[in-house]
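Undergrad: Before I ask anything, here is the structure I am working with.
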Amino acid sequence: MKIFKKILIANRGEIAVRIIRSAKDLGISTVAIYSTADENALHMDMADEAYCLGESIELSETYLDIEKIIGIAKEAACEAIHPGYGFLAENPELVAACEKNNIVFIGPNTRAIKLMGNKIESRKFVKELGIPMTEAKTGDKANLMMAAKEIPFPLLVKAAAGGGGKGMRIVHSENELDEAIENTSREAKNYFSDGTVFVEKYVEEPRHIEIQVVGDNYGNVIHLFERECSIQRRYQKIIEESPSPTLTPEVREKMGAAAVRISKEIGYSSAGTVEFLVDKNLDFYFLEMNTRVQVEHPVTEMVTDVDIVREQILVAAGNKLSLEQNEIKQHGHAIECRIYAEDPANNFLPSPGQMFFYEEPQGEDIRVDSGIKGASVVQSFYDPMISKLVVWGKDREAARQKSISALKGYIIHGVKTNIAYLTELLRHKAYIENKITTKYCDEHTEDIIELIANNRNTIPKQNIAVSYLIYSLNEDLLYSDESDSVWDGIGYWRDFMEVTVKTDGEDYLIKVNKSKDGIYEFEISNQEIAATLETMELGKLELTINDEPKKVFISNDENGNGFVSCDGHIFQVNRKDILIEEDVFSNVGADGKEDGEIVSPMPGKVIKVNVKEGDEVKKGDILLIVEAMKMENNIISPKDGNIEKVNVKAGDMVDGSLELVVLGE
């Protein structure tokens, strides 16, 4: 078997960690690269060597700087570069730079990347193979506008060089098309350095199903069956599963054969994915091919027992595929949930910031792919995905139930996440009955948000208050080196103590009538509560409250605010007898700014300013567009008024402290 001695991973986060693990299993030394924002990241700790990309945090000067990355690879004497996904994974310039410097690119050849990386060219190629696809229109803006007269609505405006769900907009009427073309082109230019767009027929009630393929340099290509990726928000997947609960064996076989044929025709020699849309009649249409390993590849690994990254590395080193098609079998069912720092109740707006508690679920057939070591900072200039939770079960229902249980064991404090949303989504009747399309989140998010609130309200707030009080009164003892029992050090508060604990904005006066050896008697609003502390460690508490077992997770932020996780829900708590930072600034809004100030919801880059001084605006007008965490955020006017001052211009980096626009009456 041919093998590399040392490879460089031209990426960061969980995919860099994932690649390092497979490389180490093969006995290959690894080199990591990192920006100053990632100087404490897990991938640089795990690698055998790590090189800083410089002081800048700009992607163009770090993870997208081909010259710098090639220079590090040469300095470290690396034989190959693995690009992961995103960043430079499908950039033919990196492939050319590798070839020029005698470095192996762990990925497909330049022809495959260029051909499949351009949606327009790839559609032409696949159409010639006789594989079905939707109607489309290409050309300049005037030609694209003609699509409204030739192709029935709804239409999909797409970036020719797009990927990862970026550069796509659904258009339902002719008067929306002009703006959609402009906005999609601008987004495509920002993300892919290519503003070319095209228009195609939008398939209604579509399923998004993709086929994993792997090829070698000897003409062999196999597929590893399919993944159902229909659960998406903003065209980006949040839940994937394999096998698809939708396909029949006949359709599965046809789609697999189509994916292999496309791959063979372009001489594909790495891991990649051929994506299809499937309509309600199970007719399938070619969508695109991603010439890289994908975020959701672990789902396939869980049901086929094939290490896809390992195969990638071995193929790039000059080996034939280690498997033949008839050896690949699907067994059981796997579900992947992408854990994002985002707020589902606010249109999935990214939620960067400092975590101050982080715990991953563990257990048999549970896999977490993450790029962090624990509580860390979610940066605003990277994708907001924190990790991937992948669970295997003997069938779909077993995997679904195990996923729900695992999500409840996923505890993150400090940033908003989609964990509760994913939990309720998996419980939702439409998901259970497989009545899903790519519009699932659009159609059901309001219901899911309501379910989250309803289930959260079933947890008694006084139980949360009691749990936090017990923990806070004994927290100091966790740090003690004394060998005595925790309960020997309790002291003055043993009897007749009264403490007010604020829970989600509501005050609870707790009378401690009795406490001894971890057994408590409380009184709240004339209601008696008996509690017994079973176990306690840093951030965790197991207890019984009125004979019901409870497990809670507790943390405090830098200002002294407390947070309690119980049954998958998070509550904010404070002891009123302890001053916290928040109490000092009573005239400041929840976002830290005075009412009426127009600020960015998070650090990002201004990409468009729609107003100038002296303009009159109406409530709801889009004043600016700020790009952050791979997402365009419209900054909306909160009222009618006049623009008194514009403090930024396109290209400026901003954070939540800068007033972007001064809006007068």
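Computed from the coordinates by the stated procedures, all read-outs in this text should not be read as laboratory data. Because the structure is a prediction, the values reported are computed rather than measured. Here the Cβ positions follow ideal geometry from the backbone for every residue, glycine too, while neighbour counts run over all protein chains shown.
Undergrad: I'd like the FRET efficiency for Asp279 and Asp567, computed as 1/(1 + (r/R0)^6) with the beta carbon distance as r and R0 of 35 Å, rounded to 0.05.
TA: On the way: r = 39 Å, r/R0 = 1.11.
It comes to 0.35.
Undergrad: Let me ask something else. In the chain, with Lys and Arg counted as +1 and Asp and Glu as -1 at Cβ, which of these residues, Gly568, Ala650, Thr300, has the Cα nearest the positive end of the dipole, that is, farthest along it?
TA: Thr300
Undergrad: Right, here's the next one. Once both labels are modelled 7 Å past Cα along the beta-carbon direction, what's the Glu443-Glu542 spacing in nm?
TA: Using points 7 Å along Cα→Cβ, the separation is 4.2 nm.
Undergrad: Rounded to the nearest 5, what is the percent of antiparallel bridges among the DSSP beta bridges in the stretch 15-170?
TA: Numbers: 3 of 9 bridges.
Roughly 35 percent of the beta bridges in the stretch 15-170 run antiparallel, per DSSP.
Undergrad: With just the Cα atoms of the stretch 604-664, tell me how far they stretch along each of the three principal axes, in Å, largest first.
TA: Principal extents (Cα only, largest first): 30, 19, 18 Å.
Undergrad: Let me know the shape class of the stretch 232-285, please: from the alpha-carbon gyration tensor, a ≥ b ≥ c as square roots of the eigenvalues, rounded when a/c is under 1.5, otherwise prolate if a/b is greater than b/c, or oblate.
TA: Numbers: a/c = 1.98, a/b = 1.26, b/c = 1.57.
Note, shape of the stretch 232-285 comes out oblate.
Undergrad: For the stretch 6-106, how big is the tail of P(r) above 21 Å, as a whole percent of Cα pairs? Before the final figure, lay out the partial values.
TA: Values: 1121 of 5050 pairs.
Here the tail beyond 21 Å accounts for 22 percent of pairs.
Undergrad: Suppose every K and R has +1 on its Cβ and every D and E has -1 on its Cβ; what is the size of the dipole of the stretch 1-124 about the Cα centre, in Debye to the nearest 20?
TA: On the way: 15 positive and 18 negative charges, 167 e Å.
With Lys and Arg at +1 and Asp and Glu at -1, about 800 debye.
Undergrad: Express the relative contact order of the chain as a whole percentage, based on alpha carbon pairs under 8 Å and six or more residues apart in sequence. Write out the running numbers ahead of the final one.
TA: On the way: 1421 pairs, mean separation 57.9, N = 665.
Relative contact order comes out at 9 percent.
Undergrad: To continue, here is another question. Would you mind counting up the charge near Ile7? Only other residues with Cβ under 15 Å from its Cβ, with Lys and Arg at +1 and Asp and Glu at -1. Before the final figure, lay out the partial values.
TA: Details: positive: Lys2, Lys5, Lys6, Arg18, Arg21, Lys24, Lys74, Arg310; negative: Asp25, Asp48, Glu49, Glu75, Glu79, Glu311.
Net charge in that neighbourhood comes out at +2.
Undergrad: Okay, next question. Could you give me the ³J(HN,Hα) list for the stretch 280-294, computed from phi with Karplus coefficients 6.51, -1.76, 1.60 and θ = phi - 60°, whole Hz, x at Gly and Pro?
TA: Calculated HN-Hα couplings, in order: 5, 8, 6, 7, 10, 9, 4, 10, 5, 10, 9, 8, 6, 6, 9 Hz.
Undergrad: A further question on this structure: Could I have the simple spin-label model distance between Lys114 and Glu528, label points 7 Å from Cα toward Cβ, reported in nm to one decimal?
TA: 8.2
Undergrad: Put +1 on the Cβ of every Lys and Arg and -1 on every Asp and Glu Cβ in the chain; which of His413, Tyr85, Gly374 then has its Cα farthest towards the positive end of the dipole?
TA: Farthest along the dipole direction, towards plus: Tyr85.
Undergrad: How high is the relative contact order of the stretch 104-188, in percent, counting Cα pairs under 8 Å that sit 6 or more residues apart?
TA: Details: 76 pairs, mean separation 20.2, N = 85.
24 percent.
Undergrad: Looking at the chain, which longest stretch skips every one of the chymotrypsin sites (Phe, Trp or Tyr not before Pro) that is in a DSSP loop with at most 12 other Cβ atoms within 10 Å, leaving the sites themselves out?
TA: Details: sites that count: Tyr218, Tyr479, Phe496, Phe585.
Value returned for the longest uninterrupted segment is 219-478.
Undergrad: In the structure shown, do any of Lys551/Lys576; Lys158/Lys189; Lys612/Lys645; Lys74/Lys100; Lys280/Lys388 have a Cα-Cα gap over 18 Å, and if so which? Before the final figure, lay out each step's value.
TA: On the way: Lys551/Lys576 24 Å; Lys158/Lys189 12 Å; Lys612/Lys645 7 Å; Lys74/Lys100 12 Å; Lys280/Lys388 29 Å.
The answer is Lys551/Lys576; Lys280/Lys388.
Undergrad: Under the classification rounded if a/c is under 1.5, otherwise prolate if a/b is larger than b/c and oblate if not, where does the stretch 179-299 fall, given a ≥ b ≥ c as square roots of the Cα gyration tensor eigenvalues?
TA: On the way: a/c = 1.82, a/b = 1.28, b/c = 1.43.
It comes out oblate by the Cα gyration axes.
Undergrad: Now for a different question. Can you compute the helix-only [θ] at 222 nm over the chain? Use -39500 (n - 2.57) per DSSP H run of at least 4 residues, normalise by all residues, nearest 500 deg cm²/dmol.
TA: On the way: 17 runs with 179 residues, N = 665.
Taking each H run of at least 4 residues, the total per residue is -8000 deg cm²/dmol.
Undergrad: Report, by chain and number, residues whose modeled amide H sits under 5 Å from the one on Arg292, excluding near sequence neighbours (fewer than 5 apart, same chain).
TA: Amide H to amide H, under 5 Å and 5 or more residues apart or across chains, Arg292 pairs with Thr273.
Undergrad: If you plug each phi of the stretch 321-333 into the Karplus form 6.51 cos²θ - 1.76 cosθ + 1.60 with θ = phi - 60°, what whole-Hz ³J(HN,Hα) values come out, in order, with x for Gly and Pro?
TA: Once rounded to whole Hz, the list reads 4, 7, 10, 10, 4, 6, 8, 8, 10, 8, 9, x, 9.
Undergrad: While we're here: Gain in length, Ala453 to Lys516, computed as 0.36 nm per residue apart minus the alpha-carbon separation, to one decimal in nm?
TA: On the way: separation 63, 0.36 × 63 = 22.68 nm, distance 3.59 nm.
Contour length minus Cα-Cα distance gives 19.1 nm.
Undergrad: Let me ask you something else. Can you tell me the dipole magnitude for the chain around its Cα centre, using point charges on the Cβ only (Lys, Arg +1; Asp, Glu -1), in Debye to the nearest 20? Walk me through the intermediate numbers first.
TA: Values: 75 positive and 113 negative charges, 534 e Å.
My answer is approximately 2560 debye.
Undergrad: Hey, what do the phi angles of the stretch 503-520 turn into as Karplus ³J(HN,Hα) couplings, whole Hz, using 6.51/-1.76/1.60 and θ = phi - 60°, x for Gly and Pro?
TA: 10, 6, x, 10, 7, 10, 7, 10, 9, 8, 7, 7, 8, 6, 6, x, 10, 10
Undergrad: Ser525: net charge of surrounding residues, Cβ under 14 Å, Lys/Arg +1, Asp/Glu -1, itself excluded?
TA: Values: positive: Lys461, Lys511; negative: Glu498, Glu506, Asp507, Glu523, Glu528.
Cβ neighbours under 14 Å give a net charge of -3.
Undergrad: Which value in nm describes the separation of the simple spin-label points at Arg427 and Glu182, placed 7 Å from the Cα toward the beta carbon?
TA: 4.5
Undergrad: In a shell of Cβ-Cβ distance under 10 Å around Ser185, excluding Ser185 itself, what net charge do Lys and Arg (+1) and Asp and Glu (-1) give? Please list the in-between numbers first.
TA: On the way: positive: Lys141, Arg186, Lys189; negative: Glu182, Glu187, Asp194.
Result for the local shell: 0.
Undergrad: Let me ask another. Tell me which aspartates and glutamates have Cα within less than 12 Å of Lys24's Cα, excluding those fewer than 8 residues away on the same chain?
TA: Result set, ordered by chain and number: Asp48.
Undergrad: Can you pull the percent of Cα pairs in the chain with separation above 33 Å?
TA: Details: 117469 of 220780 pairs.
Percentage above 33 Å: 53.
Undergrad: Could you pull out every residue, at least 5 positions away or on a different chain, whose amide H is within less than 5 Å of the one on Ser387? Hs are placed 1.01 Å off N in the peptide plane, and Pro or chain starts have none.
TA: Ile339
Undergrad: How big is Rg to Rh over the stretch 135-201, alpha-carbon atoms, Rh as the Kirkwood inverse-mean-distance radius? Please report the intermediate quantities before stating the final value.
TA: Working: Rg = 10.6 Å, Rh = 11.4 Å.
Using only Cα positions, Rg/Rh for the stretch 135-201 is 0.93.
Undergrad: Of all DSSP beta bridges located in the chain, what percent are antiparallel, nearest 5?
TA: Values: 122 of 135 bridges.
Once the DSSP bridges in the chain are tallied, antiparallel ones form about 90 percent.
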